[in-house]
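Below is one structure, written out as structure tokens; the observations come after it.
The values are calculated or read from the model by the stated rules, or taken from the named source; none is laboratory data. Computed from a predicted model, the values in this text were never measured in an experiment. Every residue, glycine as well, gets a Cβ built from its backbone with ideal geometry; the counts of neighbours run over all protein chains shown. The accessibility values were calculated without ligands, DNA or RNA, using every heavy atom of the protein model including side chains. Shrake-Rupley method; radii C 1.70, N 1.55, O 1.52, S 1.80 Å.
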Amino acid sequence: MAKIWVLDTETKGTGAHVVPLESTLRKPAAPAEPLYVPPKRAPRPPQPAEPRRPRSFKLVDVTSGEVLAEDVDTRAAIGVLERLGSVVDVRIYVWDDPTEHWVLLTLGEHKALWDYRGKVAQEPASS
């Protein structure tokens, strides 16, 4: 019995070629094995967050560039602000632990700290 030949054009480009008809017919696939799906893992217990250290501030005089205070807490920063005449006389930075850089506060944040002037009770001096 003679083979029947056909032009196979399934290749990309101009690479069509003549092949036996049997090679182009699709053969039935063998039955597939059942798909294994692993069970879902139990969620990990959340790790307790490390306590965040208190914010550290750096205050720099705008006109002279002099550092008025560095690595001070909020109470000390407000104490420095009480000696100044205007909120725009100082640049206030806060220490950012993830980036390990001083980050300049926005004017709104400057004003929020400025509004605490005179409201924070001073710590008693230790003898």
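The residues of region 1-117 have, on average, 85 Å² of accessible surface per residue, using a 1.4 Å probe with all protein chains present. Tell me the label only: which of [x] 14.4; [y] 22.1; [z] 14.9 is Kirkwood radius over Cα pairs in Å as calculated from this structure? Of the labelled values, this structure produces [y]. In region 1-112, a dipole from Cβ-located charges (positive for Lys and Arg, negative for Asp and Glu) runs towards its positive end, and of V103, S64, G15 it is G15 whose Cα lies farthest in that direction.
Qualifying trypsin sites (Lys or Arg not before Pro) in region 1-81, where qualification requires a DSSP coil assignment and no more than 12 other C-beta atoms within 10 Å, comprise K3, K12, R26, K40, R41, R52. Qualifying GluC sites (Glu not before Pro) in region 35-127, where qualification requires a DSSP coil assignment and no more than 15 other C-beta atoms within 10 Å, comprise E66, E82, E100. Were the residues from D61 through H17 laid out at 0.36 nm apart, the gain over their Cα-Cα distance would be 7.6 nm. Ignoring ligands, DNA and RNA, what percent of the accessible area of region 1-82 is carbon or sulfur (1.4 Å)? With neighbouring chains kept in place, the figure for region 1-82 is 58 percent.
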